[in-house]
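In what follows, a single structure is set out as structure tokens and then discussed.
The values are calculated or read from the model by the stated rules, or taken from the named source; none is laboratory data. What you see is a predicted model; the values in this text were computed from it and never measured. All Cβ positions, glycine included, derive from the backbone under ideal geometry; neighbour counts span all protein chains shown. For the accessible areas, the whole protein counts, side chains as well, though only heavy atoms, and no ligand, DNA or RNA atoms are used. Shrake-Rupley method; radii C 1.70, N 1.55, O 1.52, S 1.80 Å.
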Amino acid sequence: MRHTVIPFGPQHPVLPEPIHVQLTIREERVVEALPALGFVHRGLERLVEARDVPQMIQVVERVCGICSMIHAHCFCMGVEALLGIEAPPRAQVLRVLWSELHRVQSHLLWLGLFADCLGFESLFMQFWRIRERILDLGEATTGNRVIVSVNVIGGVRRDPDAAQLGWVAAEIDRIEEELRRLEPAVLDDPTVRRRTVGKGRLSRAQAWELGAVGPTARASGIAEDIRQTNYAAYGRLYFEPVVETDGDSHARLRVRFRETLASLDLVRRAIRILPAGEVRLKLREPPAPRGEIVVRVEQPRGELLYYLKGSGEKRLDRVRIRTPTFANLPALLAMLPGASLSDVPVVTLSIDPCISCTER
Amino acid sequence: MREETRTVPVQGLLAEVARLKAEGWRLVTLTASELDAERLDLLYHFDRELRLQHLRVAVAKGEAAPSISPVFFSAALVENEIQDLFGVRFAGLLVDFGGGLYREPESPAAPFCRRGGPRPEAPPTEGGGQTPGGEGCATR
């Protein structure tokens, strides 16, 4: 039987960023998929040679615009652990609040893109319209829409007042109501189901073997979420991961939609438990961490890992960033064989690929 | 490091990784870190029920380390990345981009090694963003 090799990407309507997958096709079915990376690799990890620790916060925030808050949160937690300090309780809760707002806007961005990929334009516009309101909450409480730039070593640099937080809570209620109205359209629509149910199936065993993380792993029945390790203030919020077992594109869609609602609830509860007090430690001297540490947090796309190594100088010796999309690429390559060529864009998008993170 | 970290010799790495897999540890990733002009540290991070464990292997620059991709296929991508950025060669790598995952032929060898030492040759393939096998579809 004759095979045809078809390039998917690096430029494709469903790919906002460049990644290339070389597809080997037999009678419209994928038999093999091989990736190619490196189109926009930036070597950001090496900037650690030229930037001191506070400046590196600006760098890691720019690994990815969509989850900038969570990159900075992870980096600051690692440096604080090396310095033997801890952000004040109010700052810990505020970090959770902004991280969850970030997760919501990231999932809404993906839900819109996924709807667009299926040709469901009105749903795409609904999700992005709602996302704008989340960005408004970020702008009002941090001063920035996307790269919120609130994390510092030893806390956060912004402290929203009670009136702002009351408005955030009320707005969250309204947004949740709107999202629940969209739930049947996104999860039960016959066209959406036809394009996603059974497509790009990843079994639980495959997900574990290939190191899948985040919603991609949880949609295959792996009930793991780094927030269960209770970092920052998650231990006080009684967090439960959203898990599905079908392992197909529709299961990944369900996980992300329900995680969006769960994150809205976390924001609401974070506001409720927010203690009074300082939001930032006063450091007497510039941070000069010594030792090595591995820190993990849960990004919208899954587990994010930072390895930091310092020798007591103002610049770290090594910063290593393992982003969730990098971990999910082997799983994607396992989902594609057997898929129809027309389903490749849907299956690819179903892992919510972030090439900006991958090509850090 | 806060978690259990064990140093293992290069020769015993594959057996140790296979043992961890049999015990239910998931490979999280690898980290390469330069020690001095001659040596690199390779850290292998594993997770089981949200608990971490690390293996540490010291390798001489310019020498090959065993690939763990036959045990954990998910290691293939990060081992290719380390080949590109640190010049470590992984013997037995299941999907080998030959140092051309990120690098162009004119790219500097081992760009993340700043303390000198032995360097590998330039990637043998044409252009970055290559797929292994040189089918020609992946060139920019």
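Things to note:
- If you go through region A:10-25 and keep only what is open to solvent by less than 30 Å² (accessible area, probe 1.4 Å), within 10 Å of chain B (Cβ to nearest Cβ) and either outside any strand (DSSP E or B) or over 17 Å from B:Leu101 (Cα atoms) (or both), you end up with A:Pro18, A:Ile19, A:Leu23, A:Thr24.
One line per residue, one yes/no per condition, for (1) open to solvent by less than 60 Å² (accessible area, probe 1.4 Å); (2) of a type in the set (Lys, Arg); (3) in contact (Cβ under 8 Å) with a residue 40 or more places away in the chain:
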{"position": "A:Arg145", "(1), (2), (3)": "no, yes, no"}
{"position": "A:Gly155", "(1), (2), (3)": "yes, no, yes"}
{"position": "A:Trp208", "(1), (2), (3)": "no, no, no"}
{"position": "A:Ser220", "(1), (2), (3)": "yes, no, no"}
{"position": "A:Asn230", "(1), (2), (3)": "no, no, no"}
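- No other residue among A:Val104, A:Val96, A:Val63, A:Val40 is at pLDDT 90 or above and farther than 26 Å from A:Leu165 by Cβ apart from A:Val63.
- Yes/no for B:Val28 being more than 9 Å from chain A (Cβ to nearest Cβ) and either modelled with pLDDT of 95 or more or outside any helix (DSSP H, G or I) (or both): no
- Flag if A:Thr24 is of a type in the set (Ser, Thr, Tyr) and under 22 Å from B:Leu77 (Cβ atoms): yes
- Region B:33-78, subset within 11 Å of chain A (Cβ to nearest Cβ), part of a loop (DSSP other than H, G, I, E, B) and hydroxyl-bearing (Ser, Thr, Tyr), residue nearest to A:Tyr231 (Cα to Cα): B:Ser74
- For region A:62-69, the criterion of being among the basic types (Lys, Arg), under 18 Å from A:Val150 (Cβ atoms) and touching a residue at least 60 places away in the same chain (Cβ under 8 Å) is met by at least one residue.
- Residue within region A:220-228 that is more than 12 Å from chain B (Cβ to nearest Cβ) and modelled with pLDDT of 95 or more present: yes
- Selection count, region A:33-45, where residues are in a strand (DSSP E or B), more than 12 Å from A:Val344 (Cα to Cα) and touching a residue at least 60 places away in the same chain (Cβ under 8 Å): 2
- Selected residue (criterion: surrounded by the fewest Cβ atoms within 10 Å (Cβ to Cβ)) from residues of region B:13-37 that are within 17 Å of B:Ala75 (Cα to Cα) and free of Cβ contacts under 8 Å to residues at least 24 places away in the same chain: B:Ala22
- Only one entry of A:Arg284, A:Arg252, A:Arg258 meets the criterion of being in a helix (DSSP H, G or I), open to solvent by 20 Å² or more (accessible area, probe 1.4 Å) and more than 14 Å from chain B (Cβ to nearest Cβ), and that entry is A:Arg258.
- When A:Asp189, A:Asp225 are screened for being touching a residue at least 24 places away in the same chain (Cβ under 8 Å) and closer than 14 Å to A:Glu259 by Cα, only A:Asp225 passes.
- Residues of region B:86-106 satisfying the condition of being under 21 Å from A:Glu45 (Cβ atoms), of a type in the set (D, E, K, R) and assigned to a loop (DSSP other than H, G, I, E, B): B:Arg103, B:Glu104
- Checking each residue in region A:46-75 for being open to solvent by 10 Å² or more (accessible area, probe 1.4 Å) and either away from chain B (no Cβ under 14 Å) or charged (D, E, K, R) (or both) picks out A:Arg46, A:Glu49, A:Arg51, A:Asp52, A:Pro54, A:Gln55, A:Gln58, A:Val59, A:Arg62, A:Gly65, A:Ile66.
- Some residue of region A:90-98 being closer than 14 Å to A:Tyr231 by Cβ and either open to solvent by 10 Å² or more (accessible area, probe 1.4 Å) or within 12 Å of another protein chain (Cβ to nearest Cβ) (or both): yes
- Top-ranked residue of region A:340-354 - restricted to ones that are among the aliphatic types (A, V, I, L, M) and closer than 15 Å to A:Pro7 by Cα, ranked as most open to solvent (accessible area, probe 1.4 Å): A:Leu341
- Being at pLDDT 95 or above, on the phi < 0 side of the Ramachandran plot and within 21 Å of the chain's Cα centre (by Cα) is not true of A:Glu139.
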